[in-house]
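Undergrad: Got a structure here, written out as structure tokens. Questions coming.
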Amino acid sequence: MSKYSESLMVMLGREPKKPQQFTPAADHIHTLKRVEKVDWEELKTHARAHRAQGQPWRNRRWSFLIGINLLFVVSYWFDIQILEGALTASRLLGFHMIDVNSALQVMLAHKHIIVNLLIGTGTVVVLWFFFGGRTFCSWVCPYHLVAEWAEKLHVYLAQKKIVTDHTFNRGVRTVLWLIFGVLAWVTGYTVFETLSPTGILSRALIYGPGLALGWVALLLAFEIFYSRRGWCRYVCPIGLTYGFVGVFSPLRVKYDLSKCFHEGDCRKVCEVPHVLEIVKKGRAADAIMDTGADCTRCGACVDVCPSGALRFDIKGLHKLL
Amino acid sequence: MSTEKPQPTHPLINKRKLEDRRRFLRTLFLAGTAVGIPLLGLTPMARGWESRMRPPGALDEKDFLSSCIKCGQCVQVCPVSAIKLDDIGHGFGIGVPYIDSRTQACDFSCDAVQCILACPTGALAYEKPDFLLVRPGAALANKPILLAKEKSAEPTLNLKERTGLAKLVRPEKCLARQGKGIKGAARGPEFKGRMRFMEVDRWKPIPLRDHPYDLELCDLCVRTCPIKGAISLETVVENGVKIRTPVVHEPCVGCGVCEMVCPAEPAAIVVEARKTWEGA
């Protein structure tokens with residue numbers, strides 16, 4: 001249980017703690033890594049030479065993300081009625097699917113819950129529980145995709161020393177999540193929806209562009225020139241809501257301590273590097289760890305890991321098979 | 001001469017502490033901006049600076065705004081594309097559906113008020129929960145009878161409240177009152193608005209411009225009104241002269257068809273959003 005509370009606390013904004021206790025297995029591996037006289041350089045070079053090429057998970061993810069957003073668009077434009085509505089609420093083959101954060105805002109603002117809303121939200125909660133909670137962010141959210149491109153630009157400009165990344169206290173997202181909840185309750189209006197780039201982009205794709213896209217452009221400029229992935233990392237309450245959904249999710253990125261060279265490439269590509277604190281030398285409490293609730297399961301670390309220490313995994317699946 | 005070591009003029013600046021402080025201030029500013037911007041945008045919305053027509057079955061404005069999830073499913077099912085989603089311009093009502101009757105009115109050509117059926121949150125509802133406000137004059141005396149299905153077993157629209165009320169706001173523009181007729185398309189050859197005409201095709205709305213008229217006296221608002229008994233042309237005596245004038249009656253639900261078809265420019269008759277019936 002402490003594993004889950006740690007992952008929850010880290011998601012809410014606390015910095016990851018150094019583990020107080022190691023399992024015997026982890027302790028053994030940590031010790032071996034310290035004392036064993038092995039030519040690490042040679043092993044690392046070997047691993048790098050033989051690592052999988054390309055970014056298969058990114059390609060899968062982008063295809064899925066673009067595919068699902070296109071499905072919304074074609075369902076409306078060609079009236080094929082597979083996925084109607086927008087990301088805030090939709091019908092998949094007639095079944096209600098309602099975005100958990102939007103539903104939360106509506107429930108707080110309206111203070112009345114109708115059955116369809118409950119069914120749709122419940123379906124999405126169950127679905128994303130199995131698929132990993134914040135998986136929504138990296139596999140569905142259209143803003144995530146454009147933010148990834150903005151991030152590429154930011155990293156390039158940062159290398160050229162044109163911009164620097166300004167970090168914020170991660171706890172601010174939790175505070176904002178609470179504030180937006182209270183605001184919805186007090187004002188009786190879904191306040192966050194007015195600036196949600198997820199909703200704005202989704203509707204712009206389906207119903208045509210509007211002036212609200214200017215706000216999305218501003219956010220992207222903020223991420224490019226001021227703070228890397230600023231919106232997703234420090235503000236977006238949707239991410240936190242889905243994070244809650246996925247705390248106990250079986251779908252995870254699994255970390256295998258014994259395979260890791262502690263080079264830290266994964267942390268450089270990660271949107272939420274605090275979930276990868278465990279890959280630092282001497283930080284994994286167990287021989288097998290998972291990345292925690294705030295992980296968006298985007299698979300960037302899986303793609304970049306030269307030694308196969310980070311893998312997608314479904315908890316308990318090997319027992320079933 | 002003092003033997004004391006000279007004190008540094010500035011206490012040693014701890015770079016880490018300084019960065020921490022900067023970060024804290026930055027974070028504070030970020031939070032302030034993220035909360036401030038939507039609140040700023042909320043003002044015109046909450047104050048109702050601009051009154052927008054909502055789709056049929058909409059809850060009372062405040063309840064409607066709080067319960068709408070901004071998914072646009074109502075937009076998708078409307079056969080005449082009467083429903084549009086609001087943008088940033090109108091007090092940040094981003095994604096909230098509205099109807100601009102003059103451009104494209106709701107003519108109930110779906111028969112079943114499908115937008116209500118599509119709404120996942122009950123922002124548009126057939127049956128309002130008891131604790132929600134029904135303003136006096138908003139409730140309809142009877143379920144409105146849809147002329148298009150007057151002869152079917154269930155001729156009514158499942159609506160209990162009006163979304164607005166038609167009103168002859170520019171009587172001086174009204175063709176009927178001037179004794180004028182109408183020849184050709186109601187709104188000219190450029191107008192893109194569509195309507196369902198029972199005598200043309202029950203299920204396929206056609207552009208208004210493809211349905212020309214040739215009338216001695218214009219009565220388009222009466223002729224096209226989809227609701228039974230909502231409007232009629234009456235003879236009145238004004239300044240000693242007998243004239244014909246459109247009169248709105250209690251069954252009017254505020255669909256906006258009369259506003260769309262009115263050949264006068266600007267329209268003589270318009271639908272006022274959320275206006276209630278105060279008696280004839």
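None of the figures in this text is laboratory data; all of them are computed from the coordinates on show. Fair warning: this is a prediction, and the values are worked out from it, not measured in the lab. Reconstructed Cβ throughout: ideal geometry from the backbone, glycine too, with neighbour counts over all protein chains shown.
Undergrad: Working only with C-alpha atoms, what are the Rg and Dmax values of chain A, expressed in angstrom?
TA: According to the Cα coordinates of chain A, Rg and Dmax are 20.7, 66 Å.
Undergrad: Taking chain B as a Gaussian network, where each spring joins two C-alpha atoms under 10 Å apart, which residue of B:Gly57, B:Gly188, B:Gly72 fluctuates the most?
TA: Of B:Gly57, B:Gly188, B:Gly72, the most mobile in the Gaussian network model is B:Gly188.
Undergrad: Using the 4.7 Å Cβ rule, please list in number order the cysteines from chain A without any candidate partner.
TA: Those would be A:Cys137, A:Cys141, A:Cys232, A:Cys236, A:Cys260, A:Cys270, A:Cys295, A:Cys298, A:Cys305, since no other cysteine Cβ in chain A comes under 4.7 Å of theirs.
Undergrad: Nearest 0.05, what FRET efficiency do B:Asn14 and A:Lys161 give at R0 = 30 Å with Cβ-Cβ as r?
TA: About 0.75, to the nearest 0.05.
Undergrad: Please list, ordered by chain and number, the residues whose modelled amide H lies under 5 Å from the amide H of A:Phe312; skip anything fewer than 5 residues away on the same chain.
TA: It is A:Lys254, by chain and number.
Undergrad: Pop the C-beta distance of A:Leu127 and A:Trp185 into the FRET formula with R0 = 30 Å and round what comes out to the nearest 0.05.
TA: The computed FRET efficiency comes out at 0.65.
Undergrad: How many angstrom lie between the Cα centre of the stretch A:66-91 and the Cα centre of the stretch B:220-257?
TA: With the stretch A:66-91 and the stretch B:220-257 each reduced to a Cα centre, they are spaced 42 Å.
Undergrad: Note down the magnitude of the dipole of chain A about its Cα centre, charges +1 on Lys and Arg C-beta and -1 on Asp and Glu C-beta and zero elsewhere, to the nearest 20 debye. Intermediate results must be reported in sequence, preceding the final value.
TA: Details: 37 positive and 25 negative charges, 124 e Å.
That gives chain A a dipole magnitude of about 600 debye.
Undergrad: Considering only B:Pro136, B:Pro144, B:Pro155, give the residue with the highest GNM mean-square fluctuation for chain B, with springs between Cα atoms whenever their separation is below 10 Å.
TA: Taking springs between Cα atoms under 10 Å, the residue moving most is B:Pro136.
Undergrad: Which value in nm describes the separation of the simple spin-label points at A:Ile314 and B:Leu132, placed 7 Å from the Cα toward the beta carbon?
TA: 4.0
Undergrad: Give me B:Lys160, A:Lys152 ranked fewest to most by other Cβ atoms within 10 Å of their Cβ, as a rough exposure proxy.
TA: A:Lys152, B:Lys160
Undergrad: How many angstrom lie between the Cα centre of the stretch A:221-247 and the Cα centre of the stretch A:274-301?
TA: A separation of 18 Å, based on Cα centres.
Undergrad: Please find, in a Gaussian network model of chain B (springs between Cα atoms separated by less than 10 Å), the residue of B:Glu190, B:Glu172, B:Glu259 whose mean-square fluctuation is greatest.
TA: B:Glu190
Undergrad: So for B:Arg223, A:Arg34, fewest C-beta neighbours within 10 Å to most, what's the order?
TA: A:Arg34, B:Arg223
Undergrad: So what is the calculated 222 nm ellipticity per residue for chain A, using -39500 (n - 2.57) for each DSSP H run with n of 4 or more, over all residues, to the nearest 500 deg cm²/dmol? It would help to have the intermediate numbers written out before the result.
TA: Details: 15 runs with 171 residues, N = 321.
That comes out to -16500 deg cm²/dmol.
Undergrad: Evaluate 2.2 N^0.38 Å with N set to the residue count of the protein assembly as shown, then give the Cα radius of gyration divided by it.
TA: 1.22
Undergrad: Find how many whole Å separate the alpha carbon centroid of the stretch A:104-176 from the alpha carbon centroid of the stretch B:62-131.
TA: That distance is 26 Å.
Undergrad: Taking a quarter of the surface of the convex hull around the Cα atoms of the stretch B:61-273, what do you get in nm²?
TA: 13.0
Undergrad: List the equivalent ellipsoid semi-axes of the stretch A:208-266 in whole Å, largest first, each obtained as the square root of 5λ for an eigenvalue λ of the Cα gyration tensor. Intermediate values should be presented prior to the final figure.
TA: Working: eigenvalues 206, 69, 18 Å².
Ellipsoid half-lengths, sorted descending, are 32, 19, 9 Å.
Undergrad: Below 8 Å, C-alpha to C-alpha, sequence gap of six or more: please give me the relative contact order for the stretch B:188-275 in percent.
TA: On the way: 105 pairs, mean separation 17.8, N = 88.
Relative contact order here is 20 percent.
Undergrad: Next question. What angle do you read, to the nearest 10 degrees and between 0 and 90, between the alpha-carbon axis of helix B:15-47 and the longest principal axis of chain B?
TA: 20
Undergrad: Just want the ordering: B:Val261, A:Val163, from fewest to most Cβ atoms lying within 10 Å of their own Cβ. Could the numbers behind the result be given before it?
TA: Values: B:Val261 28, A:Val163 18.
Lowest to highest Cβ neighbour count: A:Val163, B:Val261.
Undergrad: Which value, in debye to the nearest 20, describes the size of the charge dipole of chain B about its Cα centre when Lys and Arg Cβ atoms bear +1, Asp and Glu Cβ atoms bear -1, and nothing else is charged?
TA: That gives a dipole near 1020 debye.
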